[in-house]
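Asks: Handing you a structure now.
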Amino acid sequence: MEAAGTGAPGIGGSCPGEEPPPPIRDRLAGIQKGNSVCSRSYFVVVMVFVHVYILNVIALLLYVYYSNGSQNGADTAGGPSPAATSSSSSSSSSAASSSSTPAPEHRAHLRHEGDGGPYSYLPRLEGIKVGYKQRIELVSNKMHEMKTLSLKPLLFEIPNFLTEQECKLLIHLSQLKGLQASQILPVDGYKEAMENLEISKADIFNLLDHNQDGQLQIKEVLTHSRLGNGRWMTPENIREMYTAVKADPDGNGVLSLEEFKKLNLRDFHKYLGNREITMNDLVRNSQHTWLYQGEGAHQVLRSIRQRVIRLTRLPLDVVENSEPLQVVRYDTGGHYHAHMDSGPVFPETACAHTKLTTNETAAFETSCRYVTVLFYLNNVTGGGETTFPIADNRTYEEMSLIQNDIDLRDTRKHCDKGNLRIKPRQGTAVFWYNYLSDGKGWVGDVDEFALHGGCLVTEGIKWIANNWINVDPNKARQLWFQQEMARYAKDDHESQKEWTVDKSYKDIHVDL
């Protein structure tokens with residue numbers, strides 16, 4: 001929330017009838033300057049008004065406090081009352097954003113209202129402005145500083161979130177568990193699926209033709225070519241492929257519908273299948289593992305989860321039922337091209353975490369990661385920055401990401417051309433929202449400005465960890481998921497203890 005009265009004049013040089021009075025704070029500031037030309041009686045009237053106003057505010061706050069206490073006395077979750085949460089979320093965030101006082105711990109839980117059906121509220125921090133710093137208390141008797149790095153996406157940096165010993169322990173635990181390739185090499189399954197896809201060439205052309213101008217440009221092909229087989233294609237790769245399969249007779253790099261209809265799509269698959277591929281050619285080149293953070297986990301892992309709850313101020317149950325901690329290692333040459341941690345949820349798409357309990361049959365599923373908290377576990381010798389190519393851009397247009405063969409999503413070649421790069425510093429955490437707010441305290445549309453990637457590691461090794469907090473944009477599904485998880489937590493059967501969200505991720509290779 002903007003500070004009231006910003007830019008308004010004080011009352012030091014104004015009298016009744018000249019213009020509407022500025023806010024009280026500025027009036028007091030003007031009085032303290034001692035330059036008023038108004039009468040002493042006017043000063044007394046103003047001071048009386050101020051005291052009456054303050055007393056009224058205090059009385060109102062006491063009334064609301066005791067009213068909520070009597071209505072929600074049985075609510076052990078400690079969450080906000082409907083009256084409190086129905087107002088703008090910025091009112092609660094503004095109090096937390098003060099740089100002189102620590103942010104209070106938020107313990108809101110999802111719950112059902114007896115008269116209004118499902119009711120829930122997801123607190124959301126405010127960035128205020130780029131560079132704004134606020135103090136937060138993540139552990140008892142210790143203050144951390146949180147700095148706003150961008151507003152689109154809403155992105156924060158917290159130095160010293162982890163200690164050096166904690167960083168080393170996470171690396172050690174991940175090595176003991178064993179890491180696996182974050183992305184496997186392309187397999188024939190994708191080729192077979194594409195060959196069996198019942199769709200005409202005209203339909204494929206229209207799907208690829210982003211601006212619907214009847215011409216298929218290279219950057220339009222690039223936008224879709226990375227979906228499925230995991231190869232990272234460059235403009236040079238597309239031109240080489242066109243030449244190999246004789247797709248572009250005039251060599252202008254643009255395909256018309258007539259040229260596209262003459263193509264045999266199997267020639268493209270054959271070309272790609274015969275082309276030698278390495279890990280550097282993939283969207284992602286890293287290794288990772290998952291570390292359990294639930295009840296009974298290592299003390300440090302539990303402590304990190306509690307700090308994340310305090311940092312995000314999200315309901316405890318939501319964080320506890322989200323994904324385990326992912327630890328990732330990038331060797332020299334490792335990278336992760338710019339991507340989104342979450343995908344949009346359409347009617348034919350389901351969230352991976354709630355699909356486990358709702359048993360919905362959806363054609364596609366995605367990881368609905370409302371929040372990403374990324375931890376740097378070591379200082380990287382060379383490269384390895386986290387890039388947000390379009391952070392705080394005025395607008396977003398997918399086609400503008402590729403201009404003159406410069407692809408801003410390419411973190412091996414063009415990381416230096418992005419809007420924001422964050423240098424890895426051991427113990428530092430960065431935290432951002434992957435979704436916008438819907439204006440009603442819930443998850444809205446995907447924030448396209450949250451596009452990010454891991455720059456090429458040019459020297460040494462890079463270690464990071466990720467905490468993702470999963471929230472389904474469909475509020476009813478999320479509430480059902482929370483209820484089901486609570487029911488499983490109370491069940492003592494060993495077979496159901498084996499069914500946990502953390503263990504369901506043990507075989508996953510590829511993330512969004």
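The values are calculated or read from the model by the stated rules, or taken from the named source; none is laboratory data. Owing to the predicted nature of the structure, the values given are computational and were not obtained by experimental measurement. With ideal geometry, Cβ positions are generated from the backbone for all residues, glycine too; neighbour counts draw on all protein chains shown. Quick note on the areas: whole protein, heavy atoms, side chains included, nothing else; ligands and nucleic acids left out. Shrake-Rupley method; radii C 1.70, N 1.55, O 1.52, S 1.80 Å.
Asks: For the range 441-456, does any single residue satisfy the condition of being part of a helix (DSSP H, G or I), over 18 Å from Glu323 (Cβ atoms) and modelled with pLDDT of 90 or more?
Replies: Here is the first cut: in the range 441-456, the residues part of a helix (DSSP H, G or I) are 448-450.
Then drop every residue that is not over 18 Å from Glu323 (Cβ atoms), which leaves 448-449.
Then keep just the ones that are modelled with pLDDT of 90 or more; that gives 448-449.
Yes; the residues of the range 441-456 include at least one that is part of a helix (DSSP H, G or I), over 18 Å from Glu323 (Cβ atoms) and modelled with pLDDT of 90 or more.
Asks: Would you check if Arg305 is in contact with a strand residue (DSSP E or B) (Cβ under 7 Å, 6 or more places away or on another chain) and modelled with pLDDT of 95 or more? So that I can check it myself, show each step before the final result.
Replies: Numbers: in contact with a strand residue (DSSP E or B) (Cβ under 7 Å, 6 or more places away or on another chain): no; modelled with pLDDT of 95 or more: yes.
For Arg305, the condition - in contact with a strand residue (DSSP E or B) (Cβ under 7 Å, 6 or more places away or on another chain) and modelled with pLDDT of 95 or more - is not met.
Asks: Continuing with this model, one more query. Go over the candidates Val380, Val328, Val345, Val300 one by one and state the one that is under 22 Å from Trp432 (Cβ atoms), outside any loop (DSSP other than H, G, I, E, B) and among the β-branched types (Val, Ile, Thr). Working first, answer last.
Replies: On the way: Val380 fails: outside any loop (DSSP other than H, G, I, E, B); Val345 fails: outside any loop (DSSP other than H, G, I, E, B); Val300 fails: under 22 Å from Trp432 (Cβ atoms).
Being under 22 Å from Trp432 (Cβ atoms), outside any loop (DSSP other than H, G, I, E, B) and among the β-branched types (Val, Ile, Thr) holds for just one of Val380, Val328, Val345, Val300, which is Val328.
Asks: Only one of (1) of a type in the set (S, T, N, Q); (2) in contact with a strand residue (DSSP E or B) (Cβ under 9 Å, 6 or more places away or on another chain); (3) more than 29 Å from Lys147 (Cα to Cα) is not met by Asn274, so which one is it?
Replies: Going through (1) of a type in the set (S, T, N, Q); (2) in contact with a strand residue (DSSP E or B) (Cβ under 9 Å, 6 or more places away or on another chain); (3) more than 29 Å from Lys147 (Cα to Cα) one by one, Asn274 breaks only (2).
Asks: Follow-up. For the range 359-369, indicate whether the set of residues that are touching an Asp or Glu at 6+ places or on another chain (Cβ under 7 Å), of a type in the set (Ser, Thr, Tyr) and assigned to a strand (DSSP E or B) is non-empty.
Replies: Here is the first cut: in the range 359-369, the ones touching an Asp or Glu at 6+ places or on another chain (Cβ under 7 Å) are 362-364, 367-369.
Of the ones still in play, those that are also of a type in the set (Ser, Thr, Tyr) are 367.
From the residues that got through so far, the ones that are assigned to a strand (DSSP E or B) too are none.
No: the range 359-369 contains no residue that is touching an Asp or Glu at 6+ places or on another chain (Cβ under 7 Å), of a type in the set (Ser, Thr, Tyr) and assigned to a strand (DSSP E or B).
Asks: Does the range 396-408 hold any residues that are more than 23 Å from Phe156 (Cβ to Cβ) and either open to solvent by 80 Å² or more (accessible area, probe 1.4 Å) or part of a loop (DSSP other than H, G, I, E, B) (or both), and which are they?
Replies: Of the residues in the range 396-408, the ones more than 23 Å from Phe156 (Cβ to Cβ) are 397-407.
Across the range 396-408, the qualifying residues are Glu397, Gln403, Asn404, Asp405.
Asks: Run Gly296 past the list (1) over 26 Å from the mean Cα position of the chain (by Cα); (2) more than 30 Å from Ser140 (Cβ to Cβ) and report the number of the one that doesn't hold.
Replies: (2)
Asks: While we're on this one: Please go through (1) within 25 Å of Asp331 (Cα to Cα); (2) modelled with pLDDT under 85; (3) polar (S, T, N, Q) for Thr278 and return the number of the only condition it doesn't satisfy.
Replies: So the condition that Thr278 fails would be (2).
Asks: One residue is enough: does the range 396-405 have a residue meeting the conditions modelled with pLDDT of 95 or more and in contact with a helix residue (DSSP H, G or I) (Cβ under 7 Å, 6 or more places away or on another chain)?
Replies: Checked against the condition, which is being modelled with pLDDT of 95 or more and in contact with a helix residue (DSSP H, G or I) (Cβ under 7 Å, 6 or more places away or on another chain), the range 396-405 yields no hits at all.
Yes/no matrix, rows are residues, columns are (1) under 13 Å from the mean Cα position of the chain (by Cα); (2) of a type in the set (Asp, Glu); (3) surrounded by 20 or more Cβ atoms within 10 Å (Cβ to Cβ):
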{"site": "Lys440", "(1), (2), (3)": "no, no, no"}
{"site": "Asp445", "(1), (2), (3)": "yes, yes, no"}
{"site": "Thr458", "(1), (2), (3)": "no, no, no"}
{"site": "Ile464", "(1), (2), (3)": "no, no, yes"}
{"site": "Ile469", "(1), (2), (3)": "yes, no, yes"}
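Asks: Return the residue satisfying two criteria in turn: it lies in the range 231-267 and is part of a helix (DSSP H, G or I) and open to solvent by less than 30 Å² (accessible area, probe 1.4 Å), and of such residues it is nearest to Gly214 (Cα to Cα).
Replies: Initially, the range 231-267 is screened for residues part of a helix (DSSP H, G or I), giving 235-244, 257-261, 265-267.
After this cut, where a residue has to be open to solvent by less than 30 Å² (accessible area, probe 1.4 Å) as well, the list is 235, 237-238, 241-242, 260.
On the way: Pro235: 20, Asn237: 22, Ile238: 19, Met241: 21, Tyr242: 18, Phe260: 11 Å.
Per the stated criteria, the residue is Phe260.
Asks: Identify all residues within the range 350-367 that are at pLDDT below 80 and open to solvent by less than 60 Å² (accessible area, probe 1.4 Å); write none if there are none.
Replies: Thr357, Thr358, Ala362
Asks: Of everything in the range 118-145, what is open to solvent by less than 20 Å² (accessible area, probe 1.4 Å), in contact (Cβ under 8 Å) with a residue 24 or more places away in the chain and assigned to a strand (DSSP E or B)? Give them in sequence order.
Replies: Those that are open to solvent by less than 20 Å² (accessible area, probe 1.4 Å), in contact (Cβ under 8 Å) with a residue 24 or more places away in the chain and assigned to a strand (DSSP E or B): Gln134, Ile136, Leu138.
Asks: Report the residue count in the range 299-338 for those that are of a type in the set (Asp, Glu), within 23 Å of Arg124 (Cβ to Cβ) and open to solvent by 10 Å² or more (accessible area, probe 1.4 Å).
Replies: Filtering the range 299-338 for residues of a type in the set (Asp, Glu) gives 317, 320, 323, 331.
Restricting the remaining residues to those that are within 23 Å of Arg124 (Cβ to Cβ) gives 317, 320, 323.
Narrowing the set further to residues that are open to solvent by 10 Å² or more (accessible area, probe 1.4 Å) leaves 317, 320.
Qualifying residue count for the region: 2.
Asks: Could you tell me whether Leu208 is in contact with a His (Cβ under 6 Å, 6 or more places away or on another chain), under 21 Å from Asp410 (Cβ atoms), open to solvent by 20 Å² or more (accessible area, probe 1.4 Å) and modelled with pLDDT under 90?
Replies: Numbers: in contact with a His (Cβ under 6 Å, 6 or more places away or on another chain): yes; under 21 Å from Asp410 (Cβ atoms): yes; open to solvent by 20 Å² or more (accessible area, probe 1.4 Å): yes; modelled with pLDDT under 90: yes.
Answer is yes for this residue.
Asks: Which ones in the range 280-291 are closer than 30 Å to Glu166 by Cα and either touching a Pro at 6+ places or on another chain (Cβ under 7 Å) or in a helix (DSSP H, G or I) (or both)?
Replies: Quick first cut of the range 280-291, residues closer than 30 Å to Glu166 by Cα only: 283-291.
Of everything in the range 280-291, those that are closer than 30 Å to Glu166 by Cα and either touching a Pro at 6+ places or on another chain (Cβ under 7 Å) or in a helix (DSSP H, G or I) (or both) turn out to be Trp290, Leu291.
Asks: Looking at the range 339-349, which of the residues that are without any contact (Cβ under 8 Å) to a residue 60 or more places away in the chain and not polar (S, T, N, Q) is least open to solvent (accessible area, probe 1.4 Å)?
Replies: Our first condition is that a residue be without any contact (Cβ under 8 Å) to a residue 60 or more places away in the chain; within the range 339-349, this holds for 346-349.
If we keep only those that are not polar (S, T, N, Q) as well, we get 346-348.
On the way: Phe346: 113, Pro347: 131, Glu348: 93 Å².
For the range 339-349, the residue satisfying everything is Glu348.
Asks: If you don't mind, another one. Under the condition of being of a type in the set (Gly, Ala, Ser) and under 18 Å from the mean Cα position of the chain (by Cα), which residue from the range 419-438 is nearest to Lys152 (Cα to Cα)? Working first, answer last.
Replies: Initially, the range 419-438 is screened for residues of a type in the set (Gly, Ala, Ser), giving 427, 429, 437.
This time we only want the ones that are under 18 Å from the mean Cα position of the chain (by Cα), so: 429, 437.
Details: Ala429: 18, Ser437: 12 Å.
Out of the qualifying residues, it is Ser437.
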